[in-house]
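First comes the structure, then the notes that go with it.
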Amino acid sequence: MDFARKVKWTFFVVTTLFSLVQPLSTNHTSINDTAIEMIHVGLILDAQSWVGKIVDSCISMAISDFYSRNCHYQTKLVVHTRDSGGDPLLLLSQALVLLENFKLDAIIVAENSAGVKILAELGSRVKIPIISLFAAGLSLSSFEYPHLIQIGEDESSRAKAIAAIVEAFSWRSAILIYEDNDSARPILSSVTGFRLDQHVALLTSSTDEEIVEQLMKLMSLQMTVYVVHMSPILASRLFLNAKQLGMMTQGYAWITTDMITNFMNSMDPSVFESMQGVVGFKPHIPASKELRKFAIRWRSKNLNENKNLEEMEMNAYGIWSYDMVWAVATAAERVMTRHPHILHQETRLNMNFTTIRSSESGLVFMDEILQSRFKGISGGFQLTNGRLIPKEIEIVNVFKGDRIIGYWNPENGIASIMKEENHTETNSTSSSKLEGVIWPGGTMNIPKGWSLRGKRLRIGVPVTNQFRELMSVVHDPQTKDVIVTGFCVDVFKEAVQSLDYEVHYDFIPFEDANGRMAGSYDDLILQVYHKNYDAVVGDITIISRRFAYVDFTLPFTDLGIGVVVPKINNDIWVFLKPLCGDLWITVAAFFIFTGVVIWFIERPINEEFQGSPSEQIGMIFWYSFSTLVFSQKKPLSNLSKFVVIIWVFVVLIITSSYTATLASMLTVKQIQLSSRDNDVWVSSDISNFTFETRRRRTNHSPEEYADALRRGSKNGGVSSIIDEIPNLKVFLAKYPSDYTMIKSKAITGGFGFVFPKRSPLVQDISSAIMRLREEKRLEMMENKWFNSESSFTTLDPESNPNRLNIHSFGGLFLVTGISSISALGVCLFQKRQSIKIHLNSSVDSLKGYFNVKIIGRQKERS
């Protein structure tokens, strides 16, 4: 009974539980089938490109890894992949097809082309996120395209990093070689911080012959620093041809952007071998266990499934695409959790010939993606203004592999690989912070950035032979050799010899068939502009208008022009002009006053100041004026000595000033260049000369200058010569006693050497000239060729030295006057005291005498 009851009860309980479990089981299945919301995402890539293959595999792994870890999520990404073949039009077409067939919540684009900008416009229309795994050429503003998310460096960051390297190695300029497409072309306008001497555009379809032709043109230039910005496929062909032409040898420098450097390890071994010595940039991905494990799994998976990827290496694009999928999947789940009703809403838009489906959740979905913060395999994942930008860029050197030699970031510039060294120094671009770079050719010597490549320079020289000390060209009748000598030639030779590299050159006279100069100096300079000469050496004046065609070195002579005049002065009373009349009277008065003071003090004690009145008056004048030549006799009184010392000091100052002023007046003949009675010779190279003349003549030899000055303007000659200071120095070296030079305004730049525009030799030769000047070697060469000790003054030729007046020496006269009066006062006081003492003693004597007399009389009386 009890057993039967227990069986019935057990059966009832089991039946009840089964009835309860069956509906619950059915409901769970219903939830699994209906609660998982499919988030449709379009993926458009070039399936045949390296980037496309790597991104496709990484996105596949990201979806698998994400949902294996988050199997309880109510959303799941469904990726619809389309192949664009690298064609921007096909990219847009595939996007429209996806939007027509699926209710897309986002589109991921793994291409860097003009099509990305079009998709950004499309994303703004349909209100869904457009995720570009590349920074599409010029940075697209998040304000203009609020539904666009970009990953990677923009062109501005690339250009700044390149400029930092160029500056770090002290290169003056570089040549840009880029792919002529919408993704690479924008870097041309972004380059700042250094000069682009030239830029070469190559098409993806360029043949090897066309590439070689462009490289040959670059080899003809002197610059040897190249910046390469193009796709890996085109770069592979470029470097193979560059190596065959010998452009991957010592002296060259190649810099590659991340478009190439990111895929170097995936390139063919022959291409990698041709890139030895290259310096490149690529995003810095911090090392971590998760990243290492992912890389191992990725390689293992693709070795088993895809033979086309077995030679490729994981790069930043694959890592970023992995983290981006995690960000999208996480954002989708948050939208489902916070706004579940939005995911099911749909809008249809008519776009010309098709109707596309648009999700109402686009704006919310975009906001959730932008707010994503997590630690991914690429490090900290965070979008800033719709962009994921690497915090740091690796600087790598390719040599038997790629090794990191430093880092670059916008805040601190170049940084050492030893992070602790970077806390004390910021904004540095010094190459000392980089590890040793092995350049093309296997050398560690930093390339200069340019090279003559053994070329012998054709240097033009003028053949005027007017100032042979400056420039002389002579043809040897026996050997037919050209002998070029002179100060200008010596300076050039010394400058070239001081360089740390060899420069071979030949002097080519600029002459016609008759041996005369084949044109003017401007014609000679234009020969450099037309590339008939590589440089010009000679007495070439640096003038602003010539810079439109050529570049000049720093001047190696004095700047400006000078005026030469004869040393003649017909004024017989010129010796009176240095001092004004009031000063002459004051000086004479003080001479007499000082003589009177000395006489008054010395007469009682010095026999030389005694005698007849006429003799004493003569001594007063003689002693005072003898101080002019410091031949006065030694006084006996200390007061006199004090007065004489002060007066001699005053006389010394006055005579020195008088001598200097008189010398200036004798040097500067009062010549008025604007006078119609004067004729002036002006050098033909001097332009914009401000002094008016009745007529001007071209430059002549020193002998002709001397003859013209000797004859004067009234006899068919000239009154003055206006020419470059170096020419006048040569002239005065030959005629130092007859003529003098007055320096005028520096309206010309002196003499300099001429080189083509942007020639790297300009800075090196200029530096060498400065060293010669600092080491006084330039001065020694000047003394060798022309004596620079000729009469020279910096006075303006249109003005006379100022005459000296009493105000110039008021202080001196005040000092000597007070000194003399003080000494005279002390002398008078001493004489008064001596007289008083003498009177007292006389009175005492008289008193004593009378006392004696009185005492004597008293005795007699007694």
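Values for this structure:
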item: Test: residue in the range 548-567 that is assigned to a loop (DSSP other than H, G, I, E, B), in contact with an Asp or Glu (Cβ under 7 Å, 6 or more places away or on another chain) and surrounded by 13 or more Cβ atoms within 10 Å (Cβ to Cβ); result: yes
item: Tally of residues being within 21 Å of Pro726 (Cα to Cα) and either free of Cβ contacts under 8 Å to residues at least 40 places away in the same chain or open to solvent by 90 Å² or more (accessible area, probe 1.4 Å) (or both) across the range 453-473; result: 4
item: Out of Lys493, Lys531, sole residue that is open to solvent by 10 Å² or more (accessible area, probe 1.4 Å), not in a loop (DSSP other than H, G, I, E, B) and not aliphatic (A, V, I, L, M); result: Lys493
item: Residue check for Gly750: in contact with a Ser or Thr (Cβ under 7 Å, 6 or more places away or on another chain), modelled with pLDDT under 80 and at positive phi; result: no
item: Selection from the range 179-215 of residues that are modelled with pLDDT of 85 or more, open to solvent by less than 40 Å² (accessible area, probe 1.4 Å) and either closer than 21 Å to Ser759 by Cβ or in contact with a Ser or Thr (Cβ under 7 Å, 6 or more places away or on another chain) (or both); result: Glu179, Val200
item: Members of the range 97-106 that are surrounded by 17 or more Cβ atoms within 10 Å (Cβ to Cβ) and not basic (Lys, Arg); result: Leu98, Leu99, Phe102, Leu104, Asp105, Ala106
item: Condition check for Val41: modelled with pLDDT of 85 or more, more than 25 Å from Glu155 (Cα to Cα) and buried (at least 22 other Cβ atoms within 10 Å of the Cβ); result: yes
item: Verdict on Leu524 being under 37 Å from the mean Cα position of the chain (by Cα) and either in a strand (DSSP E or B) or under 30 Å from Ile747 (Cβ atoms) (or both); result: yes
item: The range 378-405, residues that are in contact (Cβ under 8 Å) with a residue 12 or more places away in the chain, assigned to a loop (DSSP other than H, G, I, E, B) and out of contact with any strand residue (DSSP E or B) (no Cβ under 6 Å at 6 or more places or on another chain); result: Ser378, Leu383, Asn385, Ile389, Lys391, Phe399, Lys400
item: Among (1) part of a helix (DSSP H, G or I); (2) surrounded by fewer than 21 Cβ atoms within 10 Å (Cβ to Cβ), the one test that Gly519 misses; result: (1)
item: The range 803-817, subset free of Cβ contacts under 8 Å to residues at least 60 places away in the same chain and open to solvent by 40 Å² or more (accessible area, probe 1.4 Å), residue nearest to Pro578 (Cα to Cα); result: His807
item: Any pair with Cβ under 7 angstrom, 6 or more apart, that starts in the range 252-266 at a residue that is charged (D, E, K, R) and ends at one that is surrounded by fewer than 24 Cβ atoms within 10 Å (Cβ to Cβ); result: Asp258/Pro283
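The values are calculated or read from the model by the stated rules, or taken from the named source; none is laboratory data. Because the structure is predicted, anything quoted here is derived from the model rather than measured. Here the Cβ is made from the backbone with ideal geometry for all residues, glycine too, and neighbour counts use every protein chain on show. Heavy atoms of the whole protein, side chains included, go into the accessibility calculation; ligands, DNA and RNA do not. Shrake-Rupley method; radii C 1.70, N 1.55, O 1.52, S 1.80 Å.
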